[in-house]
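Single-structure report; data block below.
The values are calculated or read from the model by the stated rules, or taken from the named source; none is laboratory data. Keep in mind the model is a prediction, meaning the values are calculated, not measured. As a convention, Cβ positions derive from the backbone with ideal geometry for all residues, glycine included, and neighbour counts pool all protein chains shown. Each accessible area value is taken on the protein alone, full model and side chains, heavy atoms only, with ligands, DNA and RNA left out. Shrake-Rupley method; radii C 1.70, N 1.55, O 1.52, S 1.80 Å.
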Amino acid sequence: MSQDQGGNNNRNEQVEDLMHSISEALQGSRLPEKVKGIVQEELNNLRAFTLDARPARIAIVGRRGAGKSSLINAIFGEQRAEIGDVKAQTGAGKWYAYESELGSLEILDTRGLGEADKPGEAFEHGSALEEVKASIEEKCPDAILFLSKAKEVSARIDEDLQQLLDLKQSIRAAHAYDVPIVGAVTQVDELSPKKPDTPPFDHPVKQQNISEAVDILTGKLSDAVSEPVKVIPLCCYLEFEDGKIVYDIRWNVDTLLDYLIQQLPNEAQIILAKLSKIRSVQKKIARRIGRSVAGMTGVVGANPIPLSDLPVITGMQTVMVTIIALISGQKIDRKGVLEFFGALGVNVAAGFALRQVARQLVKFVPVAGNVVSGAVASAGTYALCEAAIAYFIEDEPITRVKDIYKRVFRRKKKENQDDT
């Protein structure tokens, strides 16, 4: 077992130990049963983000030349899929696994729907749709990306849309899962006028043409699957030399990833957020978790509870901070967590463990005590969230992290009290 794998296992054990301790403290508390249920549900959600985390699985389908392989390379920022400029390139449906120290991402790249000739790679099944169906029997996609070239959204794609609906129904039948579909208008850089041909394509006529292409594909996809479908315009063009990017005009790939993450199950979100390395995406997920945990601690804080060995509130706050650090892609080691809590003034002894951090947090954060108001508990939790974002995702110096915590705590406390 590698050193990194050993570290991951140790961190998972610490998170598991802390969550188990929170559950024990919760069941032993005098909180109302309804409140216990709310806390346990939130704990289960946090578990999905951490202990149950797995790679996201995205199926990419579309006609030949729509840019499936280009999109894979654009997401990875590396040359992961061969691009067929003339002949249909992708053969049998393949789950591409992108591996790194941050985790992995699985993308099902498929033969182009409606292609006129056979692909350059080997294939096992007679039609593109059969290839895709065989692949989804192996693994259930979390979402489907339907790609269409910007210049071809008005072309006759009825057959493609029927096959897309067939695929969606096949996934429902095989896995009892109503897979979300996201449309993508690709190669928007080729729309007229040719100039400007680099992002942000800020020519009014070009922007109008992009908008019209999005509207057309949105209408066709919505008619085909009988529900609203989000469509995002993209440019995924990259050039490589010796495996390195030498020309890059990617545009809106971050917007696509941001929207995709919202559609994924909790257990598939955190790894994709890490791999994207896009701070806006990471911060959005972190704040969503922060708001959820802050709401939960506010409910707990509104009820008198005894100061136990591991308070429910501080335990949940510690898990929240740990998840935000994971989202950032940083390794959750002893040094990182100690430095963060040290910046806040929490003195954690050398025998580091997440359980111990939660205990020490009681002495610092003004949210744990025999009686804590819901407004103060919620404000303290969200302030910790913003401090963790500043430290782990935005790489703010630790001297500024404490100031962020204090400022956000004062503001949220006032807002919460004004609302009551």
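Tabulated data
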{"read-out": "Top-ranked residue in the stretch 130-149 [being within 28 Å of the chain's Cα centre (by Cα) and part of a helix (DSSP H, G or I); ranked as modelled with the lowest pLDDT]", "value": "Glu131"}
{"read-out": "Filter result for Ser23 (over 30 Å from Glu190 (Cα atoms), of a type in the set (Ser, Thr, Tyr) and either surrounded by fewer than 15 Cβ atoms within 10 Å (Cβ to Cβ) or modelled with pLDDT under 90 (or both))", "value": "yes"}
{"read-out": "Sole residue being under 21 Å from the mean Cα position of the chain (by Cα) and modelled with pLDDT under 90, chosen from Lys283, Lys277", "value": "Lys277"}
{"read-out": "Pair list, Cβ under 8 Å, 6 or more apart: the stretch 397-420 residue touching a residue at least 12 places away in the same chain (Cβ under 8 Å), other residue hydrophobic (A, V, I, L, M, F, W, C) and outside any helix (DSSP H, G or I)", "value": "Val401/Leu344; Lys402/Leu344; Tyr405/Leu344"}
{"read-out": "Residue tally, condition open to solvent by 40 Å² or more (accessible area, probe 1.4 Å) and either without any contact (Cβ under 8 Å) to a residue 60 or more places away in the chain or assigned to a loop (DSSP other than H, G, I, E, B) (or both), over the stretch 224-245", "value": "10"}
{"read-out": "One residue from Glu101, Glu106, Glu152 being closer than 23 Å to Asp52 by Cα and at pLDDT 80 or above", "value": "Glu106"}
{"read-out": "Residues (open to solvent by less than 70 Å² (accessible area, probe 1.4 Å) and either part of a helix (DSSP H, G or I) or within 20 Å of Pro141 (Cβ to Cβ) (or both)) located in the stretch 153-175", "value": "Asp160, Leu161, Gln163, Leu164, Leu165, Asp166, Leu167, Lys168, Ser170, Ile171, Ala174, His175"}
{"read-out": "Hey, Leu191 farther than 27 Å from Lys283 by Cβ and open to solvent by less than 30 Å² (accessible area, probe 1.4 Å) or not", "value": "yes"}
{"read-out": "Subset of the stretch 137-152 that is out of contact with any Pro (no Cβ under 8 Å at 6 or more places or on another chain) and within 22 Å of Thr186 (Cβ to Cβ) - its residue that is most open to solvent (accessible area, probe 1.4 Å)", "value": "Lys151"}
{"read-out": "Unmet criterion (only one of (1) among the acidic types (Asp, Glu); (2) assigned to a helix (DSSP H, G or I); (3) modelled with pLDDT of 85 or more; (4) open to solvent by 60 Å² or more (accessible area, probe 1.4 Å)) for Asp395", "value": "(2)"}
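Table: residues versus (1) part of a helix (DSSP H, G or I); (2) closer than 29 Å to Glu386 by Cβ; (3) open to solvent by less than 40 Å² (accessible area, probe 1.4 Å).
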| site | (1), (2), (3) |
| --- | --- |
| Val179 | no, no, yes |
| Val182 | no, no, yes |
| Asp202 | no, no, no |
| Ala213 | yes, no, yes |
| Leu217 | yes, no, yes |
| Tyr247 | no, no, no |
| Ile261 | yes, yes, yes |
| Ile271 | yes, yes, yes |
| Lys283 | yes, yes, no |
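Residue-wise test of (1) farther than 25 Å from Tyr177 by Cβ; (2) modelled with pLDDT under 85; (3) part of a helix (DSSP H, G or I).
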residue: Leu31; (1), (2), (3): yes, yes, no
residue: Asn44; (1), (2), (3): no, no, yes
residue: Ala48; (1), (2), (3): no, no, yes
residue: Asp52; (1), (2), (3): no, no, no
residue: Pro55; (1), (2), (3): no, no, no
residue: Leu71; (1), (2), (3): no, no, yes
residue: Gln79; (1), (2), (3): yes, yes, no
residue: Thr90; (1), (2), (3): no, yes, no
residue: Trp95; (1), (2), (3): no, yes, no
